[in-house]
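Visitor: Below you'll find the structure I mean.
The values are calculated or read from the model by the stated rules, or taken from the named source; none is laboratory data. Computed from a prediction, not measured in an experiment: that's the story for all the values here. Here the Cβ is made from the backbone with ideal geometry for all residues, glycine too, and neighbour counts use every protein chain on show.
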Amino acid sequence: MSKGLKTVLITLGVIILAGVIIAGSVISGYNRVVVMDENVKNQWAQVETQLKRRYDLIPNLVETVKGYAAHEKGLFEDIAAARTKYFQANTPKGKMDAANQMEAPLSRLLLLQERYPELKANENFLKLQDSLEGTENRIAVARHRYNDAVLALNAYSRTFMGRFYAGIAGVGPAQYYQIPAGQSEAPKVKF
């Protein structure tokens, strides 16, 4: 084999090896950003599952409380409107806004038990209240996990190569689930 042919083959081998390494890196980065994007979508689906559970429980809770608090019509209308808005929303942002609008009326609903001592002892109300409390805890955990997934995707997408891979995959930044202003404090309960 001639010296020139060896040089050409070595150069060609180095170029092919470099190409394989670069292609592997691009494929790996692309796959990573796609997995992160899918994780954000999955975590959002978990939030929606818990919000749906909340909205399925609320009509039962409202009906139980209605028997004791017939004059609280405005509260029940607010809850119904927020529930309707949630199911009409088509985007995660719209669903987040609708879910956040449910927080205040739901807190007011649960505080009605202060005005109606016999409601506190009602077994159906207590079971529903426990179920709703468990659901609210699940929602908090699901929101946290969703925001963790958003953090991972957004942070990676802002890195030098992550931006490149996100652009190739067509993945944009995700939106955090934020609690609206004024609802970050727990309602005051007096016994």
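Visitor: Can you give me the ranges of the helices (runs of 4 or more DSSP H) entirely in the stretch 91-188 with at least 3 residues that are among the aliphatic types (A, V, I, L, M) and at pLDDT below 90? I'd like the intermediate steps shown before the answer.
Guide: Details: elements: 92-111, 117-121, 123-158, 160-169.
Correct list: 92-111, 123-158.
Visitor: In this structure, does R54 turn out to be assigned to a helix (DSSP H, G or I), closer than 27 Å to T135 by Cβ and in contact (Cβ under 8 Å) with a residue 12 or more places away in the chain?
Guide: In short, yes.
Visitor: Is at least one residue of the stretch 10-31 under 23 Å from R138 (Cβ atoms), without any contact (Cβ under 8 Å) to a residue 24 or more places away in the chain and out of contact with any Leu (no Cβ under 7 Å at 6 or more places or on another chain)? Walk me through it before giving the result.
Guide: Step one: of the stretch 10-31, the residues under 23 Å from R138 (Cβ atoms) are none.
Scanning the stretch 10-31, I find no residue that is under 23 Å from R138 (Cβ atoms), without any contact (Cβ under 8 Å) to a residue 24 or more places away in the chain and out of contact with any Leu (no Cβ under 7 Å at 6 or more places or on another chain), so the answer is no.
Visitor: Here's something else I'd like to know. Could you run through the stretch 146-171 and say how many residues are under 17 Å from K95 (Cα atoms) and not hydrophobic (A, V, I, L, M, F, W, C)? If you could, list the steps in order and put the result at the bottom.
Guide: Our first condition is that a residue be under 17 Å from K95 (Cα atoms); within the stretch 146-171, this holds for 146-147, 150.
Then keep just the ones that are not hydrophobic (A, V, I, L, M, F, W, C); that gives 146-147.
Residues meeting the conditions: 2.
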